[in-house]
Amino acid sequence: MSTPLLEMSGVRKRYGGVQALDGAELTAVRGEVHALLGPNGSGKSTLDKTLAGTVVPDAGTIRIDGAEARIGGPRDAHALGVAAVYQQLSIVGDLTVTQNVVLGLEPARRFGFLDQRAARDRAGAALERFTAAFAGRLPLDRPASALGPGERQIVEVAKALARRPRILVLDEATASLHKEQVDVLFDVVRELRADGVLVLFTSHRLDEVFALCDRATVLRNGRTAGTVELAATDEDELVRLMVGDAPHQAPRAARAGAAGAGSAAEGPVSSPAATLEVRGLTTDRLRDVSFTVRSGEVLGLGGLQGQGQSELLLALFGGAHVGAGEAVLDGRPLPLSSPVKAARAGVALVPGDRGRQGMFAVRPIQENLSLASMHRRATARLALRGAAERGAATAMVERLRIKIGSLADPVSTLSGGNQQKVVIGKWLLDRPRVVLLDDPTKGVDVAAKEEIYAIVRGLADDGAVVILNSSDNRELTELSDRVLVVFEGTVVEELDAEAISERRLISSALRLGPGETL
Amino acid sequence: MSTPVVDTPRRGLTAWRPGPVALAGTVAVALVIAGEIVSPGFAGYGQLVNLMRVAAFLGVIAIGQTIVIIAGGGGVDLSVGKVATFSAIIGSRVMAGDDANIVPAVALALLVAAAIGLVNGLGVTLLRIPPFVMTLGMIGVVQGLILAYTGGQAEGRAAPALTSLVNGRVILDLPGLLFLWLLLGLLAVWLLRRTTFGWSLFAVGANRTAAELTGVRVNRTLILAYVLSATFAGLAGILLLGYTESVFLDLADQYMLPSVAAVVIGGTLLAGGIGGYAGTAVGAIVLTVLQGLLTTLDIGGAWRTVVNGVVLLVLLSLYGRQRRLRS
Amino acid sequence: MTGAAAGLVDRVRGVQLSGLATVAMLVVAVAVNSALQPNFWDSYALTSNFATFVPLVAIAVGQTIVVLSGGLDLSLGAQVTLASVVAVQVVDGSLDRFPLAVAAALGVGLACGALNGLVVALLRLQPIVATFATSFVFSGLALVVLPTPGGSVPFEITTAYRDSVLGVPVALLLIVALALVWLVLRRHRVLRHVYAVGGDADAAYASLVPVARTRVWAYVLGGLFAALSALAILANTGSGDPFVGNELTLASVAAVVIGGTALAGGRGGAGGSVLGAIVLALVTNIIFFADVPTDYRQLVNGAVIILALALAGIPALQKRRPSA
């Protein structure tokens, strides 16, 4: 092989407490469709964004045609011939399709006045190949916000194509496409390959990867686990690369059974009456979700990331608009209309995005811990007593073994794991009966992870209803008594204690095509 | 919208958090020294007491401003000056120079002020009008109320008891006003640091989404913040009335910008969630000394306005930057 | 991933009035006005009515551009004041110097807009607070330039402004001209980028739009329209006043809201704001002719502005957005 078109090496990127990329490598040649694979949170998107210029890496080199490339922003990437289709689309909903396709590179006449005809022609040319995907009529003058998700995705692809790239990044570009739309896209990609373009293809659908790609680079925990020729490999091999050779972890349920603590099916001993029953829950993102959890049980939510797991937890906490359905706790309907009511009814949510939803970064640890329960200790629900608040916070710090300097320090000074313990501790002080955990160990180091696992188990053992969403399949395996696999807002599979394993979770998540619901 | 707002710049700020108050204090002292140099006698005891007295009115108005700004989300109350004026006008008319009327006068003035704050709070929360715009619009309404109430001519007079409470010398030849300011300041500090309202307020300001997801009643907290803001402004109006004894139609209007500036100088972040009243109080003193200095230097009202704007702009660029688009 | 939770807070953003609501308000305002104001449709009354509309229309167009970019300019009124007092000092009653005065006003608008733009785009200050601060700089400078009301505009200008051409008031032609300027601008790349940045700054950035430069342009255009507003005020009143723009800032925001532009940015246009400005001006007329006692006029006026701002928060009047 001559000089590869693209070489990325030693790429590192840290977001707050999360090491998204930790020395990732990638080498690809022109005229190749190169798949970028890896489990949830392995750094695929970050690597894509690094190349496209929307993320500036902390370290690492990118070479294009053998020459070192400095990509400080999307304009640099464009100058180097890189165009990207992002997972979070760069479509402006209020602009028309034409305006979106030419955005940033609008054809203009003298003095910067727009050449609308040229713009339409260019957008039309870029979209022409996809006419079939729009039921035969290109919506060039419709606002992008009026399109369906698949149509918008295609506009995003056309926008990238209109930039005539040498390297085209497709990040989950098929996620919201129908079968026919995918076929058209694949034809276009194959043509680009014939023209010598390098296409970097990220997808969670392995069948698509095998159908389209030549080689695949697998990422794991922000590092490159290997690059394989797809013609000479199979799905099992790819899954093995993604999972790694970690020792097999016995599921919580199996261990509990072995210890003779009573099987999950019989229910725990402490408070036998407590159950949470969810019936037909439907929101913008959820369709008819029903299940039952008993007190003392840890119910896992698995599947690909972003299929509605977080929304389910949020809906149970009164944070989403519920269109239909109900939740019943111990025979009483659970208020789903506001978080305040949910909290008063004994529900707690440890949200998925700690920084944005869980903690008050600039506020002291003391306030972060007190906030959910302070009204219980206050005189007339107003006047706080310093000693009582300090006492409660100190007790929680000791119970959860949170490593802090002083209660007065801002919570942002703590490590990710200790921050998360503060968020959990805030709720434990409120003595909740239902604990909803959304990816509680994201961005948390290994030692703290184990401690948080112990806390979660302790919660269940004390008789709480625990629902755990996790992007980490090992975590689900370790903690869950049962797992619901969620896909496109609905529960598609239930794995009981014996069926839970990392490999089973990944393949359950990956091998589901669209429409293949149970 | 898609990129999460990372708190890293704030983390940097927390490292020098005790800074702003000490910094503002240093600036105040430096300004006094500068004043003494350009105009000997500027730092005399009587002169300083006088400056403190002027600062007290701003300081009391800025209590409410601090509360609203801590609540974050662009929270601010531009109507405080007008509300203080209106409160003084009501107070003066109802008191009519008679001590027996003090209680109903003050009660009515504060009640009206609180009602104005309630409307501000409802507009900001339920109707989602940006606070700057809502409270700026409220200035016009209150001005209208003043005209309708007075018919263009303020009447009445402060009750003697109020005047002697505000102006009477208590200890060390200090006027009662300063002790009232101290008392209200302590109340503000207690409210912010030792009540469920205060902690909820900081939480709402630091991270509104997280506050909602922690079961904090966000709207109620915000509305209460605007009610308190208007109420403290009303109190300041009453104190001003006691000081001036009779009112005029734009008595406290000029406090709008300084009340925001005092809060910012005191290290309370305009983004919300960080700050406190001690800093604001020092900020009020800094601004008052600065005005005194500019007056001593014979700088006219027009240039003083320019200087105020520039000071606020400089402070904002030190404290109030937003995130970059690139991560 | 966090869409639903972000929705908790983001529900606040993006409320927008429908075009139908704007037109309905205009119709009602015209109807009530013509019922109350004697000779509303006479050419003299029309001419003098339109003459008072132009300043608000011009500043509303400028505010629209800033709002579309995702910002807000609380200093526009102060810019109007500053531009008008500078222009009146330059013209000093002489028709010969009028072109110079126009250039001076535009220069002031450009400079003020550029300052705002730099502060917002490069220093990354919150637009509302930053322009609040600069408004004091501008209005202070205006007092320095013209401490008390005074100065005079050549009578040829004031006469021409209140004249009519073939029965059409000059002021109406000026409003049409402002609308045309807007239509021309809308075909320019800068305005396209203004919409993109206001609609979704992150997406615009990823799409190679020069976000910071676009924001600066938005404030500069806002300043230029403020300058036009200043010139219209001078032509209408014939003299300078260092407080003349105070009330215009908020009215411009209200006109934008009535005109159906979302305060969150990216959606709407100056066409609606022109109508919104006329609605507001008509309401002031109505208050005058409805025999509201003098002492209550300001209260009613202030309440109308607040109600106008509140309108966008009322769901039934909102434009339904195609589901995203």
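Across all Cα atoms of chain B, the radius of gyration (one decimal) and Dmax (whole number) stand at 19.7, 65 Å.
Below 8 Å between Cα atoms, with a sequence gap of 6+, how large is the relative contact order for chain C in percent? Across chain C, relative contact order equals 36 percent. Placing a pseudo-label 7 Å from each Cα along the Cα-to-Cβ vector at residue C:122 and residue A:146 gives an inter-label distance of 4.1 nm. The residues neighbouring residue A:113, those whose beta-carbon lies less than 11 Å from its own, together hold a net charge of +4 under the Lys/Arg +1, Asp/Glu -1 convention.
Sorting A:453, C:219 from the fewest to the most surrounding beta carbons within 10 angstrom yields A:453, C:219. Residue ranges A:335-341, A:312-318, B:84-90 sort as B:84-90, A:312-318, A:335-341 when ordered by packing (mean number of other C-beta atoms within 10 Å per residue, highest first). For region C:159-301, averaging the sequence separation of C-alpha pairs within contact (under 8 Å, six or more residues apart) and dividing by the residue count gives a relative contact order of 19 percent. For region B:269-295, the residues whose backbone nitrogen is under 20 Å from a point 7 Å from the Cα of residue B:38, taken along Cα to Cβ, are B:283-295. Between residue A:494 and residue A:180, the FRET efficiency from the beta-carbon distance, with R0 = 45 Å, is close to 0.90. Return a whole-number percent for the relative contact order of region B:60-280, with Cα pairs under 8 Å and 6 or more residues apart as the contact set. In percent, rounded to a whole number, it is 42.
As a quick test, which of the pairs A:179/A:442; A:44/A:426; A:426/A:449; A:341/A:421; A:159/A:442; A:49/A:442 have an alpha carbon distance above 29 angstrom in this structure? Flagged as over cut-off: A:179/A:442; A:44/A:426; A:159/A:442.
Per-residue ellipticity at 222 nm for the protein assembly as shown, helices alone: DSSP H runs ≥ 4 residues times -39500 (n - 2.57), over residue total, nearest 500 deg cm²/dmol?
Using -39500 (n - 2.57) per qualifying helix, the result is -17000 deg cm²/dmol.
In units of the rule-of-thumb radius 2.2 N^0.38 Å, region C:17-316 shows an alpha carbon radius of gyration of 0.97. Residue by residue along C:184-191, Cβ atoms of other protein chains within 10 Å of the local Cβ number 4 on average.
Note on C:138, C:243, A:111: ascending count of other Cβ atoms within 10 Å places them as A:111, C:243, C:138, the fewest first. With θ taken as phi - 60° and the Karplus curve 6.51 cos²θ - 1.76 cosθ + 1.60 applied, the whole-hertz 3J(HN,Hα) list for region B:72-85 is x, x, x, x, 6, 10, 7, 8, 4, x, 5, 5, 4, 4 Hz, x standing for glycine and proline. Just to verify a number: FRET efficiency for residue A:137 and residue C:176, C-beta to C-beta distance, R0 = 35 Å, to 0.05? After rounding to 0.05, the efficiency reads 0.45.
Let's see if you can work this out: charge +1 on each Lys and Arg Cβ, -1 on each Asp and Glu Cβ, no other charges. What is the dipole magnitude of region C:17-316 about its Cα centre, in debye to the nearest 20?
Working: 11 positive and 12 negative charges, 185 e Å.
Using Cβ point charges on Lys, Arg, Asp and Glu, region C:17-316 gives about 880 debye.
Give me a single rounded figure for A:302-312: the average over its residues of other chain Cβ atoms within 10 Å of their Cβ.
Numbers: counts 0, 0, 0, 1, 3, 0, 1, 1, 5, 6, 1.
For this peptide, the per-residue mean of nearby foreign Cβ atoms is 2.
Reported to the nearest whole Å, the Cα centre-to-centre distance from region C:90-144 to region C:186-257 is 12. Near residue A:81, once Lys and Arg are set to +1 and Asp and Glu to -1 for all other residues with Cβ below 9 Å from its Cβ, the sum equals +3.
Counting, for every residue in A:381-394, the Cβ atoms of other protein chains within 10 Å of its Cβ and taking the mean gives 2.
Kirkwood's formula applied to the C-alpha pairs of the protein assembly as shown gives a hydrodynamic radius of 32.4 angstrom. Working note: Karplus 6.51/-1.76/1.60 with θ = phi - 60° gives region A:439-444 the couplings 6, x, 10, 5, x, 10 Hz, where Gly and Pro are set to x. Centre-to-centre separation between the Cα atoms of region A:315-391 and those of region A:111-133: 51 Å. In a reduced charge model with +1 at each Lys and Arg Cβ and -1 at each Asp and Glu Cβ, the protein assembly as shown shows a dipole moment near 880 debye about its Cα centre. Projected label points at residue A:76 and residue C:152, each 7 Å from Cα along the beta carbon direction, are separated by 6.3 nanometres.
Ranking A:204, A:321 by Cβ neighbours within 10 Å, fewest first, what do you get? Don't skip to the end; give the middle numbers.
Numbers: A:204 19, A:321 13.
Placing the least packed residue first, the sequence is A:321, A:204.
Treating each Cα of chain A as an identical point scatterer and summing with the Debye formula, the log10 of I(q)/I(0) at q = 0.09, 0.10, 0.11 Å⁻¹ comes to -0.72, -0.88, -1.03. Averaging over all projection directions, the Cα-based convex hull of region C:219-267 occupies 4.1 nm² in the image plane. Around residue A:367, with a cut-off of 12 angstrom between Cβ atoms, what is the net charge of the other residues, counting Lys and Arg +1 and Asp and Glu -1? Around residue A:367, the surrounding residues sum to +3.
Please work out the FRET efficiency for the pair residue C:28 and residue A:326, using the Cβ-Cβ distance as r and a Förster radius of 35 Å; give the result to the nearest 0.05. Don't jump to the answer; show the numbers that get you there.
Numbers: r = 44 Å, r/R0 = 1.27.
Once rounded, the FRET efficiency stands at 0.20.
Phi angles across region A:312-317 convert, under the Karplus curve 6.51 cos²θ - 1.76 cosθ + 1.60 with θ = phi - 60°, into 3J(HN,Hα) values of 4, 5, 4, 5, 5, 9 Hz, Gly and Pro given as x. For residue A:223, the residues whose modelled amide H falls within less than 5 Å of its own, excluding neighbours fewer than 5 places apart on the same chain, are A:22.
Working from label points 7 Å from Cα in the Cα-to-Cβ sense, the residue A:344 to residue C:114 distance is 5.8 nm. For chain A, the longest principal axis of the Cα atoms and the long axis of helix A:116-128 meet at an angle of about 70 degrees.
Every read-out reported here was derived from the displayed coordinates using simple, explicitly stated rules and does not represent laboratory data. Being a predicted model, the structure only gives us computed values, none of them experimental. A quick note on method: Cβ atoms are made from the backbone with ideal geometry, for glycine too, and the neighbour counts reach across all protein chains shown.
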